[in-house]
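Heads up, the thing below is written out as structure tokens.
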Amino acid sequence: MYIKSAKELDVYKLAYKQAMDIFFLSKKFPKEEKYSLTDQIRKASRSVCANLKEAWSKRRYIAHFTSKLTDCDGENGETETWVDFAKDCRYIGVTDYNRLIEMNQRIGQMLGNMINKADVFCNK
């Protein structure tokens, strides 16, 4: 199967779902968190998808592709940290926390696999 767009990748779909879940959950965060936790958690989670799209457009060069995937993985790690803060500040419950962390870990595994097999995804 030929993949035309990063949007077709399972990792993109999962990262997008996580970003949207975070968006809706963060709508309930206190107003005083607007310019700190709320903005940061939304930005980091959305950056996973944005960097993945950018990586996909750089598949001609394996080093660029891998570099952008590494950026995705970094943003995914940052997202996990903000999710931890949201739980510990009691802005999200344990059920939502566990679901988001499970998605986050799966995204990390998928990105790791892509990084390790970058040549499979790159244009030859």
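Worth a mention:
- Among the candidates 85, 23, residue that is surrounded by 13 or more Cβ atoms within 10 Å (Cβ to Cβ) and either in contact with a Leu (Cβ under 7 Å, 6 or more places away or on another chain) or at pLDDT below 95 (or both): 85
- Entry remark, the stretch 8-38: residues being in contact (Cβ under 8 Å) with a residue 24 or more places away in the chain and within 19 Å of the chain's Cα centre (by Cα) number 15 in total.
- Qualifying residues in the stretch 46-72 (those that are touching a residue at least 40 places away in the same chain (Cβ under 8 Å) and among the basic types (Lys, Arg)) - the one farthest from residue 110 (Cα to Cα): 60
- Of all residues making up the stretch 1-21, the number that are over 15 Å from residue 106 (Cβ atoms) and assigned to a helix (DSSP H, G or I): 4
- Here residue 56 meets the list (1) at pLDDT 95 or above; (2) part of a helix (DSSP H, G or I); (3) buried (at least 19 other Cβ atoms within 10 Å of the Cβ) almost entirely, failing just condition (1).
- When residue 117 is tested against the conditions (1) buried (at least 20 other Cβ atoms within 10 Å of the Cβ); (2) within 17 Å of residue 11 (Cα to Cα), the lone failure is (1).
- Subset of the stretch 82-114 (residues that are farther than 30 Å from residue 3 by Cβ and either among the β-branched types (Val, Ile, Thr) or in a helix (DSSP H, G or I) (or both)): 84, 85, 86, 87, 88, 92, 94, 95, 96, 97, 98
- Residues in the stretch 82-119 that are among the polar types (S, T, N, Q) and within 25 Å of residue 65 (Cα to Cα): 104, 105, 109, 113, 116.
- Close pairs from the stretch 73-102: first closer than 21 Å to residue 50 by Cβ, partner of a type in the set (Asp, Glu), Cβ under 8 Å, at least 6 apart: 100/21
The values are calculated or read from the model by the stated rules, or taken from the named source; none is laboratory data. Bear in mind that the values here come from a model prediction, so they are computed numbers and not experimental data. Every residue, glycine among them, receives a Cβ derived from its backbone with ideal geometry; neighbour counts consider all protein chains shown.
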